[in-house]
Amino acid sequence: MTRKGMALLGVDIGTQGIKAALFDLSGHLLASTFRKSCLAQPSPGVVEEDPEFQFHSVCEVIAEVMRQAGEVEVLAMGVSGQMAGVIGIGRDGHHLTHYDSWLDTRCAPYITQMLEQAGDEIIRKTGGAPSFNHGPKILWWKSEHSEIYEQIAAFVQPGAYAAMRLCSLDSDQAFIDRSYLHFSGFADNLHACWDASLCERFGVAMDKLPRIVESHKIIGTVSEASAALCGLRAGVPVNAGCGDTAASFLAAGATRSGVCVDVAGTASVFASTTTRFCGDTDHRTLGWSCSAVPGLWHPYAYINGGGMNLEWFAKEFGDDSSLREDSCAASKPPVSRTVTLEYLNQLASRLIPSSDDPIFIPHLSGRVCPSQSALRGVWAGLTWTHTRAHLYRSILEAVALEYGIYRDRLKELNPDLVIREIRITGGGEKSMLWNQIKSDALGMKAMRVDRSEGGPLGVAMLAGFGVKYFASLDEVAQQWIIPVDAAEPNDALTSHYTARRARYQKLIDLASQF
């Protein structure tokens, strides 16, 4: 078959479900599909998934996109996935444990243990603080289920597990790519190796930790057995892939220093791109993850539920039940009209920003970056002149103000970094008002990324680079990722938001005392 009939395949194992997408070598989408996850929550704090279900779902979505696309041949493929959970595997490469999800909170006592014993050292070496991620979860298995822990040959993540199963690899070939290491608890991230002193301190056997590889490395080829399940030819090269967040950054075109990314989804994620690694021990605000692009890093922080706040507001405060179909017919009952986000955006866009506008604290379930778990949402500065539009706009502004704090922390740690622009992806990118607010508040150009494939797109790009079809990831990003609808910052409003950010920080400091 000629190159014209060849394609690159990307699969993403997300929390909500598993997506696959197939692209031709120019980046055009040929086919895509989705399968819903099956999360088990048998008791409070427990969130598990069956790795076998995940693997077979991966096979199903691959088979479906191959059926949709018809006569194409896959040049290479990759898998991205959830980043902070773990799967314990046996010598044969098959799972011994369920997938211990990043949403599972049973390891909480071991977070405290790691923070108290070596918190700053872990942040300095790995780039991230212990949380509901690999280190505390491994200690939970070691302490709570020692008999299973002894049988575990390696701990891996869902993306690596699926890739291993596709290639029929055993535990000797288990791997983790560098994009996950800031969640590991035990890595020397800068030097891409496991840290012997951290492992010894917490009694973790280094032979249970997988080999560390670059994201684009080819780790195997699709086996005959897996090919039969997936509708692929045996021998398709499979690259290591990367974490889902790293893949989404790549899919936004963050392949050069100074390019920022805003993932405007359920959570609101702010990330930048830099050549420098630095652990944020002073503020514990920024995590420092390794980019899928060799030589680059992504310092990032996020608001848990930043996008969810908009849906909550529309649901709880957006019902126009006071409106009537016929305003002259007073006897008629009110007609309930649920307001859309688009309508709320239209209302808010008519407002002229003022120093008297209310300020909103968006942390309805606690602040994550830095960790202030007891902090809750607040509206401050309300007067009788404020309307629903003011309240809604304050929710939009809160994300931009919080991003300004993240940006300031980044400049403290990386003063030589020249920030060029912010690329906005996720469902929230549809709001041009929100994009403009972010541009004004951050003092930088904000652009939508008009691609919805996310993780699968990122790992498909990696797959092409892994087999050397592309000379560099930056090259393919310039070809495949086209930013649109640029919002330019208004200098007067940038000054306005700088003053509001100082008030916002004071309000957070006060609110955290309650």
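The values are calculated or read from the model by the stated rules, or taken from the named source; none is laboratory data. Here the structure is a predicted model, which means the values were calculated and not measured. Here the Cβ is made from the backbone with ideal geometry for all residues, glycine too, and neighbour counts use every protein chain on show. Accessible surface is based on the protein model in full, side chains and every heavy atom, while ligands, DNA and RNA are left aside. Shrake-Rupley method; radii C 1.70, N 1.55, O 1.52, S 1.80 Å.
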Inset, instruction - With no solvent and one equal point scatterer placed on each C-alpha of segment 176-302, evaluate the Debye formula and give log10 I(q)/I(0) for q = 0.10, 0.17, 0.20 Å⁻¹, two decimals. - result: -0.39, -0.95, -1.12
Legend entry - Phi-based couplings in Hz for segment 472-486 (Karplus 6.51, -1.76, 1.60; Gly and Pro marked x): 7, 6, 5, 4, 5, 4, 5, 7, 8, 10, 10, x, 9, 6, 5
Inset, instruction - Taking the dipole about the Cα centre of the chain, with the C-beta of Lys and Arg at +1 and of Asp and Glu at -1, give me whichever of VAL46, GLN157, THR281 is farthest to the positive side. - result: THR281
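Using a 1.4 Å probe over the heavy atoms of the protein chains, calculate the carbon and sulfur portion of the accessible area of segment 392-514 as a whole percent.
Details: 2460 of 4870 Å².
Using a 1.4 Å probe with all protein chains present, segment 392-514 comes out at 51 percent carbon and sulfur.
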Inset, instruction - Quick one: which residues, 5 or more positions from GLY258 or on another chain, have an amide H under 5 Å from its amide H? H modelled 1.01 Å from N in the peptide plane, none for Pro or chain starts. - result: THR273, THR274
Inset, instruction - Using a 1.4 Å probe over the heavy atoms of the protein chains, calculate the carbon and sulfur portion of the accessible area of segment 177-291 as a whole percent. - result: 51 percent
Inset, instruction - Go through segment 497-514 residue by residue and turn each phi into a ³J(HN,Hα) via Karplus (6.51, -1.76, 1.60, θ = phi - 60°); whole Hz please, and just put x for glycine and proline. - result: 6, 4, 5, 5, 5, 5, 5, 4, 5, 4, 5, 4, 4, 6, 5, 5, 7, 9
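Counting heavy atoms of the protein chains only and a 1.4 Å probe, report the per residue accessible area for the chain as a whole number of Å².
Working: 20660 Å² over 514 residues.
Solvent-accessible surface per residue comes out at 40 Å².
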Legend entry - Which labelled figure in [x] 24.7, 75; [y] 23.5, 78; [z] 25.5, 89 is Rg and Dmax of the Cα atoms in Å, once derived from the coordinates: [y]
Legend entry - Members of LYS445/LYS506; LYS125/LYS506; LYS438/LYS468 lying beyond 29 Å, as alpha-carbon distances in this model show: LYS125/LYS506; LYS438/LYS468
Inset, instruction - Quick one: accessible surface of HIS191, probe radius 1.4 Å, all protein chains present, in square angstrom to the nearest 10. - result: 120 Å²
Inset, instruction - Would you check the accessible area of VAL378, probe 1.4 Å, heavy atoms only, in square angstrom rounded to 10? - result: 40 Å²
Inset, instruction - Take the alpha-carbon centre of segment 235-271, take the same for segment 184-210, and report the distance between them in whole Å. - result: 25 Å
Legend entry - Label-point gap, in nm, between PHE514 and GLU60 - each point 7 angstrom along Cα→Cβ: 4.7 nm
Inset, instruction - Working from Cα positions, state the angle (0 to 90°, nearest 10) between the long axis of helix 134-144 and the longest principal axis of the chain. - result: 70 degrees
Inset, instruction - Round to the nearest 10 and report in Å² the accessible area of LEU96, as given by a 1.4 Å probe over the protein chains' heavy atoms. - result: 80 Å²
Inset, instruction - Take GLU412, GLU214, GLU397 and sort them by solvent-accessible surface of the protein heavy atoms, 1.4 Å probe, largest at the top. - result: GLU412, GLU214, GLU397
Inset, instruction - State the percentage of accessible surface on segment 1-61 attributable to carbon and sulfur atoms; use a 1.4 Å probe and exclude ligands, DNA and RNA. - result: 55 percent
Legend entry - Over the chain: helical MRE at 222 nm, DSSP H runs n ≥ 4 each giving -39500 (n - 2.57), nearest 500: -11000 deg cm²/dmol
Legend entry - Under 5 Å, built H, 5+ apart or other chain: amide partners of ASP188: CYS193, TRP194, ASP195
Legend entry - Amide hydrogen neighbours beyond the local backbone of CYS290, cut-off 5 Å, H modeled: LEU181, HIS182, HIS298
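Between LEU39 and THR498, how high is the FRET efficiency from 1/(1 + (r/R0)^6) when r is the Cβ-Cβ distance and R₀ = 45 Å? Nearest 0.05. Please list the in-between numbers first.
Working: r = 42 Å, r/R0 = 0.93.
Taking R0 as 45 Å, the efficiency between LEU39 and THR498 is 0.60.
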